[in-house]
Amino acid sequence: MNINNKSILAALILITALGIPTVTTFSAPPASDDRNFAAHLLGNEEVPPVDTLAQGRATFRLNEDGTELSYRLNVSNIEDVSMAHIHLGAAGMNGPVVAWLYPGEPQPAVIPGRFDGVLAEGTITADNLVGPLEGQSLKALMDVMRAGETYANVHTEQNPEGEVRGQIRTETAIPEFPPGILLPIAGIMGIVALLYRREK
């Protein structure tokens, strides 16, 4: 590689080091949607922790007028499920049930043996609130969910107090790649490849 090409390559490396962080810094920040929530349920989130291979994921979405909260609860590698709820409580704290996820009615229903898949899906309204939130509007539930003071909990015959649990949090939409990064990288890679071809 001659001196001119070496100089160009050095400049490109410098641009890569200095320019791309700048692009990243000024890219549009990820947008937070306070109508979408999720929880990753694990045994070690229980209080006290539970030794289990089971896990789950709960997702929630509030409709635009704030009157209905749709949900979907997936679990895997779990045995003899009996109930699943939204509980009121901060991380590391146990608290009362404020809404049922499985079954739809407030009465345990054991699923014998191992279960993998969608355990429950449906809609929560103000009429479904129980415990300390009974008789209140759905906004009361949404306020504590947004504050990070609720958790999803799946109960089993072996662990009646809960086998997997996860704090419910607002989901943030994060782009897979920060905007504006791929194009500079592609351009720099193309120029470097061209310089090497000329040397052959």
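If I ask for residues that are more than 21 Å from residue 99 (Cα to Cα) and at pLDDT below 95, which ones from the range 26-68 would you list?
Scanning the range 26-68 gives 26, 27, 28, 29, 30, 31, 32, 33.
Residues 96, 160, 106: which one is over 20 Å from the mean Cα position of the chain (by Cα) and modelled with pLDDT under 95?
Result of the check over 96, 160, 106: 106.
Does residue 76 satisfy being among the polar types (S, T, N, Q) and in contact with a His (Cβ under 9 Å, 6 or more places away or on another chain)?
no
Considering only the range 131-175, give the strands (runs of 3 or more DSSP E) lying wholly within it that have at least 1 residues that are of a type in the set (Phe, Trp, Tyr) and surrounded by 14 or more Cβ atoms within 10 Å (Cβ to Cβ).
150-156
Scan the range 128-136 and give yes if some residue there is closer than 26 Å to residue 103 by Cα and modelled with pLDDT under 95, otherwise no.
No; the residues of the range 128-136 include none that is closer than 26 Å to residue 103 by Cα and modelled with pLDDT under 95.
For the range 112-130, name all the residues that are surrounded by fewer than 20 Cβ atoms within 10 Å (Cβ to Cβ) and either assigned to a loop (DSSP other than H, G, I, E, B) or out of contact with any strand residue (DSSP E or B) (no Cβ under 9 Å at 6 or more places or on another chain) (or both).
Result: 125, 126, 127, 130.
The values are calculated or read from the model by the stated rules, or taken from the named source; none is laboratory data. None of the values given here were measured: they were computed from a predicted structure. In this analysis, Cβ positions are derived from the backbone assuming ideal geometry, glycine residues included, and neighbour counts consider all displayed protein chains.
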